[in-house]
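J.: Let me begin by handing over the structure; questions about it come next.
The values are calculated or read from the model by the stated rules, or taken from the named source; none is laboratory data. Worth saying up front: this structure is predicted, and the values here are computed from it rather than measured. All Cβ positions, glycine included, derive from the backbone under ideal geometry; neighbour counts span all protein chains shown. The area values use the complete protein model at the heavy-atom level, side chains included, leaving out ligands, DNA and RNA. Shrake-Rupley method; radii C 1.70, N 1.55, O 1.52, S 1.80 Å.
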Amino acid sequence: MTKSSQKLTRFTYRLRQDKNGDHYAWFEIRLQRQSAKIGLTPADTEELWITNAEIPTVVSYLVDDRTWDAHRKPILEMLAVHYLPPSH
C-alpha cells in the first residue's frame, strides 16, 4: 500500500481511556475523499512513546512524513502527560 496522494484536510489526535482504564492514542485523519479514525492499542501507544513518536504503520499510509514530523512534538507532549510522573 502506498501513501495517499490526496490533500490532508484534518489531522487530530488525543489520548483516550478504555473501559479497563488503559490509555491509547486516537487519531482522526481526513483527506479530500477519505477519512479514518484510528485507535492504537495500549501496547502500540506505549511503543509510540518509547520510540519517540515514530509514525505507526497504520497511520503512515495516510499521513506523509513531513506532516507527522511537524506533529511529533505535540504528540510526545500528549503522551508525556500519561507516561511521565507529575513534577512537584
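Residue-by-condition table, conditions (1) of a type outside the set (A, V, I, L, M, F, W, C); (2) part of a helix (DSSP H, G or I); (3) touching a Lys or Arg at 6+ places or on another chain (Cβ under 6 Å):
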site: Arg14; (1), (2), (3): yes, no, no
site: Trp26; (1), (2), (3): no, no, yes
site: Ile29; (1), (2), (3): no, no, no
site: Thr45; (1), (2), (3): yes, yes, no
site: Asn52; (1), (2), (3): yes, no, no
site: Trp68; (1), (2), (3): no, yes, no
site: Leu76; (1), (2), (3): no, yes, no
site: Val81; (1), (2), (3): no, yes, no
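J.: Condition test on Pro56, is it touching an Asp or Glu at 6+ places or on another chain (Cβ under 9 Å) and without any contact (Cβ under 8 Å) to a residue 60 or more places away in the chain?
T.: Taking the combined requirement at face value, the residue satisfies it.
J.: Scan the range 35-45 for residues that are closer than 19 Å to His71 by Cβ and either open to solvent by 50 Å² or more (accessible area, probe 1.4 Å) or of a type in the set (Ser, Thr, Tyr) (or both) and report the count.
T.: The number of residues fulfilling the criteria is 4.
J.: Also: Within the range 15-33, track down each residue that is surrounded by fewer than 11 Cβ atoms within 10 Å (Cβ to Cβ) and in contact (Cβ under 8 Å) with a residue 12 or more places away in the chain.
T.: Arg33
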